[in-house]
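Written below as structure tokens is the structure these notes are about.
The values are calculated or read from the model by the stated rules, or taken from the named source; none is laboratory data. For clarity, every value in this text was computed on a predicted model and none was experimentally measured. When we count neighbours, we look across all protein chains shown, and the Cβ atoms used for this are built from the backbone with ideal geometry, even at glycine. Side chains are part of the model used for accessible areas, which takes the heavy atoms of the whole protein and leaves out ligands, DNA and RNA. Shrake-Rupley method; radii C 1.70, N 1.55, O 1.52, S 1.80 Å.
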Amino acid sequence: MVTSTPMHPLKKLTLIFFVLLMPSSNVSAQIKIHRSVNVEQGLVQSQVTAITRDRWGYVWIGTLGGLSRWDGVRFQNFQTQDGLAGGQISALHEYHDGSMYIGTDGGGLSVYRDGRFTTLNKDSGLCDNRVWNIIPSGDSALWICTYGGGVSFYQPQRRSWKTIGLHEGLPDLRVYTGVHADNDVWWFGTDSGVAILSPQTQQRITARDGLIHPIVRSIRRLNDSAWALGTREGLSVYINGRCTNYTTRDGLADNDINAMLLLQNGALCIATANGISLWHHGVFENLTTANGLANDLVWNIYEDYDRTLYFGTNGGGVSMYRPGRLTTWRSGKELPDAPFTTVTQRRDGSMVFGSHAGLITMRGDKPEILDEKKGLAHNLIWSLFEDRRGRLWIGTHNGIHTVTDGRVTATYRHSDKPMNRAYGMTEDADGNMILATRGGLAKVENRQIVPWATGTPLSGQIVWCARTLRDGRMAFGSDGAGLFIYDGSQFKNISQKNGLAGDFVVSIYEAPDGLLCVGTDGGGLSLIRDGVIRNFDTKNGLRDNTIYAITGDARGAIYAASNRGMHILSFSGGDTLIRTIRRSDGLAGDECSLGGVCTDQNGRVWVATVNGMTEINPSSDSLYTVPQTRIHRLRVYENSIPVVAHTAFRHDENYLKFDFIGIYPSAPEQVRYRYRLQGLDAQWIPTTERTIQYTNLASGDYTFEVQSANDWGVWSPTESLVFTITPPFWKTWWFRLILVLAVIGLLWVIYRIRVTRLLAMERMRVRIASDLHDDIGSTLTRIAVSSESIRSSDDLSAIRHSAERIGQLSRDVIRTFSDIVWSIDARNDRMGDLIARLQDTAYQVLNTAEIACTWDVHGIRAEESLAVDVRQNVFLIVKEVLHNAAKHSGATSVHVRIERTDRGLIISLRDNGRGIPDERIGKGNGLRNMRMRAERVRGRIKQINDNGAVTEIFIPL
């Protein structure tokens, strides 16, 4: 429970420097611990000995069973099997390069960087493997306090070690903590008091200086001259050479102090074996399990940048607390076990609560209760109102009372029972009390309740609320007819037809700037300014559409109580930011009560719920404390890859999943997200999920962007990841260039082939023309000569001879034409056609000369195709050789050998004649023609004498 003990008068002078720095705080109420996490949520172990938060926002939690890294939602746990030097964690510190230094009890130091652990121990230069604390020395060095070896001074960049021990001035080698003072002066807490060391001097603080106990586990500097020393037997405050001591007799939660921390608000937070002590303005304020602490034995304290405190407990995990943010009185504990209905503050500053158990007035720590036993008509109280004369009006379930000095001074009733139930009250310009009752509007007159505003739409109807506006008008909320505003002569109605959120109006509030706020049952909230109505409901930020009560704070924020917590609307730069405080945030309960809010004289907002009362401190709410957004995993087809900027993926690696988190440990369930993929999404896309996937991404450059919003809806800076989907090779510029060049080359080849064919055709035409000219032309000339001989001769014998010669020459012309036509006919392009033609020609040529012809054919494939020029030239060469043999050789036989080899076609023609005269070998027109034809098809021809004439022809194929 919360306790407060005033400081002893004799100690005020001792703490004058420190006290002046400490802010005041109300210590009379129960304080709600924000939340706790333990092994049930995933923490590796529940005995928490060290806590810190890294630059990325992750909370690191050291326990006696391993190490956890927490993003507010999930825990990633590490133990010795993962590389930790030891399982019992004693200290945590993030070095300036992002490395996490982890002190263990017995294993030395573990250093976690880039997903890997390395170990530093006695073998590395550490003075002892039982590490108790890690203290930074600037940005480049660390002081490692050990339990049994003294202190190691370590410079990671140089990997240099230096040991501070007994010879360097330590009174004991068991060192718990260290604090940097001025220049090179360091304070160390040991088992034998405090050592103050500098290069020039050595000083100790012991029992002779008033130290309450020699074992000093924590040291904190309070101001320039005051030091707090936490020992096993209490708190010593050292000023100007002497200690002033504080124990449980002075209000400390327990004398056994484990850790201390000077908070941002100037208070000293002390972790003890029996809870937390917050010491400020000379008063101890204690938090124990009665206040929501997970366990009374607290080992460690850490304060976040948003002033959330993390308490590492022994067996309860981590408890989180936001000082001064929410203060709660629970039903059945400090207050009666009954639902609370309404709240107000009186002019004397006392808070008054209405409940199902009567009227509760808070003065100091104990509530004063006024119920039926003390004169109330009914214990159920619906409304409270203090009039200008200072009288407190109480609307119960069965009558109206006025109360003075805690006593009922008057009771008002009406014969119509519904009029005895006032849900709301207000005071008119003349000081008359106007009641909003279950039976319509009523007025207290002559100590009686009388109907008021009869004959109006509100007559006889349920009226849920009443409020006097700043200009003297009065506003009333009806049960189904909307809002009514009375100006002294008539009622003006604003309903759903006019744009109001709903017709069942249950709460009304007017802000100092004239903004009229109207809460409805089921329709949401309406804000009216200068006749313009803006509505809010679950579609645009509210968690619930029933608004039971409304108030405001000094910043202009609007508080709207509902069935699902307290909505807070903040207006900033033209935007309306909405957040909701719920039971999980420390509110006494989610279900608020009709008319159950008020703002006190200190600007704090009070909320009545069915589970108790909660005090909200608006000044402790940071609007711009936003989550730290991290993209912590990237998956390609479910395969995790390192999250590295400017990653390039293949075209078939285009199924991507992004896992991200908005690290906001104080309220992780209220974090919202929005994302977009630059290069694909035109707008931000809202989501509550923490995984987004994109499928079948086209090739190109992309930037994935994500933001997270806090419970106010304020967005964090953008976290982004740049990546590229590379195109397939057939879509790359170089492939397209190659393709263009290939097409150009193909067109060039086609062009060259066509040109070549045209040239070949032209050459063929020339050759055919040449053949026609040479063979047929000469033959026709001889025919012409013979015909002239016949015409000019009278000799019958000569004429007969010339006629026979003309006939022979004509047959030769026909054969020549036949040969030329055959050689260019595409149907004769096979090897078998060529050999058959050669054999036929040989028979025709040699048979006339009575020369036998034999054939030897090897390796010939009859279906093998031959080019026209090859076929033509081979045929004409062989034909020429056969004609020469028939005319000039005198042979009786000719042997033809044709062989197809891998290199080409070999043709050998051998006769048994007289051979070629030596002077004509290699000479003569015939041989030149044959050689020319062979060269046309890249072949060669050779003639020799070997028992006759031998002609060898080689044609490459």
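Things worth noting here:
- Only listed residue being part of a strand (DSSP E or B), of a type outside the set (S, T, Y) and either closer than 22 Å to T118 by Cβ or open to solvent by 40 Å² or more (accessible area, probe 1.4 Å) (or both), chosen from I61, I51: I61
- Criterion (under 30 Å from M566 (Cβ atoms) and either assigned to a loop (DSSP other than H, G, I, E, B) or open to solvent by less than 10 Å² (accessible area, probe 1.4 Å) (or both)) met by exactly one of G502, G460: G502
- So Q448, is it among the polar types (S, T, N, Q) and more than 21 Å from T396 (Cα to Cα): no
- Checking E372 against (1) modelled with pLDDT under 90; (2) open to solvent by 40 Å² or more (accessible area, probe 1.4 Å), the condition it does not meet: (1)
- Scanning region 534-563 for residues that are more than 26 Å from L384 (Cβ to Cβ) and touching a residue at least 60 places away in the same chain (Cβ under 8 Å) turns up just one, G541.
- Members of region 337-366 that are open to solvent by 30 Å² or more (accessible area, probe 1.4 Å) and either closer than 17 Å to A588 by Cα or assigned to a helix (DSSP H, G or I) (or both): D337, P339, H356
- Looking across region 64-114 at every residue that is in contact with a Phe, Trp or Tyr (Cβ under 8 Å, 6 or more places away or on another chain) and of a type in the set (D, E, K, R), the one that is least open to solvent (accessible area, probe 1.4 Å) is identified as D71.
- Hits in region 463-499 - residues which are assigned to a strand (DSSP E or B), farther than 14 Å from I434 by Cα and of a type outside the set (A, V, I, L, M, F, W, C): S478, D479, K492, N493
- Residues (in contact (Cβ under 8 Å) with a residue 12 or more places away in the chain and either open to solvent by 40 Å² or more (accessible area, probe 1.4 Å) or not hydrophobic (A, V, I, L, M, F, W, C) (or both)) located in region 142-158: T146, Y147, G148, G149, G150, S152, F153, Y154, Q155, P156, Q157
- Annotation note: Cβ proximity below 8 Å between a residue of region 884-910 that is modelled with pLDDT under 90 and a residue that is open to solvent by 60 Å² or more (accessible area, probe 1.4 Å) (sequence gap 6+ or interchain) occurs for A886/T848; S889/R914; G890/R914.
- Test for R220: is it without any contact (Cβ under 8 Å) to a residue 12 or more places away in the chain and not in a loop (DSSP other than H, G, I, E, B): no
- Any chance T520 is of a type in the set (S, T, N, Q), buried (at least 17 other Cβ atoms within 10 Å of the Cβ) and closer than 28 Å to N710 by Cα: yes
- Answer from T272, T308, T289, T327 - the residue that is among the hydroxyl-bearing types (S, T, Y), open to solvent by 30 Å² or more (accessible area, probe 1.4 Å) and more than 30 Å from R421 (Cα to Cα): T289
- Extreme residue, farthest from V937 (Cα to Cα), among residues of region 856-903 that are open to solvent by 50 Å² or more (accessible area, probe 1.4 Å) and touching a His at 6+ places or on another chain (Cβ under 8 Å): R897
- Residue match in region 514-532 (condition: without any contact (Cβ under 8 Å) to a residue 12 or more places away in the chain and not in a loop (DSSP other than H, G, I, E, B)): yes
- Annotation note: of S192, S218, the sole residue that is at pLDDT 95 or above and over 26 Å from F284 (Cβ atoms) is S192.
Residue by residue, here is whether (1) outside any strand (DSSP E or B); (2) crowded, with 16+ Cβ neighbours inside 10 Å; (3) assigned by the TED database to the domain that holds L569 holds:
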residue: H632; (1), (2), (3): no, yes, no
residue: R635; (1), (2), (3): no, no, no
residue: S640; (1), (2), (3): no, no, no
residue: A645; (1), (2), (3): yes, no, no
residue: E653; (1), (2), (3): yes, yes, no
residue: K657; (1), (2), (3): no, yes, no
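- No other residue among A271, A267, A294 is among the small types (G, A, S) and within 16 Å of R217 (Cβ to Cβ) apart from A271.
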